[in-house]
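The values are calculated or read from the model by the stated rules, or taken from the named source; none is laboratory data. What you see is a predicted model, and the numbers here were worked out from it, not measured in a lab. As a convention, Cβ positions derive from the backbone with ideal geometry for all residues, glycine included, and neighbour counts pool all protein chains shown. These area figures cover heavy atoms from the full protein model, side chains too; ligands, DNA and RNA do not enter into them. Shrake-Rupley method; radii C 1.70, N 1.55, O 1.52, S 1.80 Å.
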Amino acid sequence: MPERRTVALVTLGCARNEVDSEELAGRLAADGWDLVEDAADADVAVVNTCGFVDAAKKDSVDALLEANDLKEHGRTQAVVAVGCMAERYGKDLAEALPEADGVLGFDDYADISDRLQTILSGGIHAAHTPRDRRKLLPISPAERQEAAGVALPGHAQDTPPEDLPEGVAPASGPRAPLRRRLDNNPVASVKLASGCDRRCSFCAIPSFRGSFISRRPSDVLGEARWLAEQGVKEIMLVSENNTSYGKDLGDIRLLETLLPELAALDGLERIRVSYLQPAEMRPGLIDVLTSTEKIAPYFDLSFQHSAPKVLRAMRRFGDTDRFLELLDTIRGKAPQAGARSNFIVGFPGETEEDVAELERFLVGARLDAIGVFGYSDEDGTEAATYENKLDPEIVAERLERVSRLAEELTAQRAEERIGETIEVLVDRVDDEDGVIGRAAHQAPETDGQVLLGTDHRLEPGRMVTAKVVASEGVDLVAEPLGIEGGCTEEAGR
């Protein structure tokens, strides 16, 4: 009997990439590949790259080079790039990085097993010529659901085989791609949609992810149900813009009806919605997010800046006072609601007055988590053609200044939460740090965590009611309540 082929998936970037990696894992497992955790133990190392900003692209190249080193003194025979950077640059990446044995775009995902087998056998699969994927779908959102032949990672497009290995399942019924979990984390992401119709002048994502297209509610529900059966307790709905969900299905308020249905699924303890556009927030959506049991009152709002002149140059809407009013509305309905955002400083034409306006917003916003990035040109974007660029030294100075303020403000916001009673999902138990979890206002990886002491009876996946007793930067220290026998040690001590 021939030795089974082995493959390792190395995932970089956002939660959307994690979903895509699990789709690739499901496809490969269904076709007889053995999935291994360590690239050094794999015949093929598949690196799911990120192509968002320069730092992410550098991390992707580093990961490909690191995997390539394994070919000299390990089992690894081939290294293959997939994901956003591979889709965005195609043959240009293949030429610039000959260490990669293959560069596969989204159109290759449905045939990933054949592609890897060809590469592993010494064959060559020509990398694609990059193209603007927005042109692949109709301009009218209402016509997109009927479009055929367009690769949409994470969407239902094919019929999976009937005989599936253990742990692999159609994520959401007979229309869906396969999915296999790559870890046993109690939280998993579910793709709500793909692409984006917004035309922010600094962002290249729509050009390589394409126009916005929603998944059908039945597919999302089916995938969430399957994840719950796998032991997942929290799902995070991801896309480039969740507030647009349903517009191509004829109902822009579809998210408001889908969320209660997700909350009713057996086994799930929490549903979290990410990637919300402030300009598209609706009163009804705010009501559902702040009042529905099991739906986290969590607002991942893409503000990017608050000075009107900068926002207009970014081709975005709003200003400081409107954004603060939105946050006041949310907290009026759910005082403990979590809010986070990312911001760009040093945008072309940004003045000291604009930075001061952004600082005014940050001070008044009381955000739980803040990401700050210095502006840099992105290939193919409108902003890259702007003439009034700032000196890199000025951008770096503003980045340091606003980042320092953000760190102080988020620590203050965490301190404000001392005395609150929170619901914490236990993520892991660490020998050094004890029991680690997240409250409703904390998304995985980005928003801090909750330290629950050292009672190892609190296993991953358990939901615990706890009282916040201290803070450490953005992290909280909390004492579990109502645990029979109490904790072995007081939390955080």
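Does at least one position in the range 174-182 carry a residue that is surrounded by 23 or more Cβ atoms within 10 Å (Cβ to Cβ), under 17 Å from A25 (Cα atoms), at pLDDT below 75 and not hydroxyl-bearing (S, T, Y)? Walk me through how you get there before you give the answer.
Going through the range 174-182, the residues surrounded by 23 or more Cβ atoms within 10 Å (Cβ to Cβ) turn out to be 176-180.
Imposing the further condition that a residue be under 17 Å from A25 (Cα atoms) reduces the set to 176-180.
Imposing the further condition that a residue be at pLDDT below 75 reduces the set to 176-177.
Then keep just the ones that are not hydroxyl-bearing (S, T, Y); that gives 176-177.
Yes: the range 174-182 contains one or more residues that are surrounded by 23 or more Cβ atoms within 10 Å (Cβ to Cβ), under 17 Å from A25 (Cα atoms), at pLDDT below 75 and not hydroxyl-bearing (S, T, Y).
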Notebook entry, point to check: Could you say whether any residue in the range 320-329 is touching a residue at least 40 places away in the same chain (Cβ under 8 Å), under 30 Å from V190 (Cα atoms) and not in a helix (DSSP H, G or I)?
Noted result: no
With the first residue restricted to the range 21-48 and required to be part of a strand (DSSP E or B), and the second required to be of a type outside the set (D, E, K, R) and open to solvent by 30 Å² or more (accessible area, probe 1.4 Å), Cβ contacts under 6 Å at 6 or more apart or on different chains are V44/L120; V47/V10; N48/T11
Subset of the range 10-36, residues over 21 Å from the mean Cα position of the chain (by Cα) and more than 15 Å from Y109 (Cβ to Cβ), comes to G32, D34, L35, V36
Conditions (1) modelled with pLDDT of 90 or more; (2) among the small types (G, A, S); (3) closer than 30 Å to T381 by Cα -> A15 fails only (1)
*Is it true that some residue in the range 330-348 is over 18 Å from I286 (Cβ atoms), open to solvent by 10 Å² or more (accessible area, probe 1.4 Å), assigned to a helix (DSSP H, G or I) and in contact (Cβ under 8 Å) with a residue 60 or more places away in the chain?*
no
Log entry, pairs with first residue in the range 223-252 being free of Cβ contacts under 8 Å to residues at least 24 places away in the same chain and surrounded by 21 or more Cβ atoms within 10 Å (Cβ to Cβ), second being assigned to a loop (DSSP other than H, G, I, E, B) and aromatic (F, W, Y), beta carbons closer than 8 Å, six or more apart or on different chains, reads none
### Query
Could we say that G90 is touching a Cys at 6+ places or on another chain (Cβ under 9 Å), under 29 Å from S376 (Cβ atoms) and open to solvent by less than 10 Å² (accessible area, probe 1.4 Å) here?
no
If we ask which residues in the range 411-421 are closer than 17 Å to P335 by Cα, open to solvent by 10 Å² or more (accessible area, probe 1.4 Å) and in contact (Cβ under 8 Å) with a residue 60 or more places away in the chain, their number turns out to be 2
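Only one of these is hydroxyl-bearing (S, T, Y), over 23 Å from L237 (Cβ atoms), open to solvent by 80 Å² or more (accessible area, probe 1.4 Å) and at pLDDT below 80: T159, T129. Name it. Spell out how you get there, then give the answer.
On the way: T129 fails: at pLDDT below 80.
Among T159, T129, only T159 is hydroxyl-bearing (S, T, Y), over 23 Å from L237 (Cβ atoms), open to solvent by 80 Å² or more (accessible area, probe 1.4 Å) and at pLDDT below 80.
Specify which of the listed residues (L425, L458) is assigned to a loop (DSSP other than H, G, I, E, B), open to solvent by less than 10 Å² (accessible area, probe 1.4 Å) and among the aliphatic types (A, V, I, L, M). I'd like the intermediate steps shown before the answer.
On the way: L425 fails: assigned to a loop (DSSP other than H, G, I, E, B).
Only one candidate passes the filter, namely L458.
Can you pull out the residues in the range 291-301 that are buried (at least 21 other Cβ atoms within 10 Å of the Cβ) and outside any strand (DSSP E or B)? Steps first, answer last, please.
Step one: list which residues in the range 291-301 are buried (at least 21 other Cβ atoms within 10 Å of the Cβ), which gives 296-301.
Result: A296, P297.
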Result of the Cβ filter at 7 Å on the range 262-280, keeping first residues that are more than 22 Å from R322 (Cα to Cα) and open to solvent by 40 Å² or more (accessible area, probe 1.4 Å) and partners that are outside any strand (DSSP E or B) and of a type in the set (K, R), at least 6 apart or interchain, is E269/K233; E269/K294
* Kindly check whether there is at least one residue in the range 183-192 that is open to solvent by 30 Å² or more (accessible area, probe 1.4 Å), outside any loop (DSSP other than H, G, I, E, B) and touching a residue at least 24 places away in the same chain (Cβ under 8 Å). => no
Of the residues in the range 49-69 that are aliphatic (A, V, I, L, M) and part of a helix (DSSP H, G or I), the one that is surrounded by the most Cβ atoms within 10 Å (Cβ to Cβ) is A67
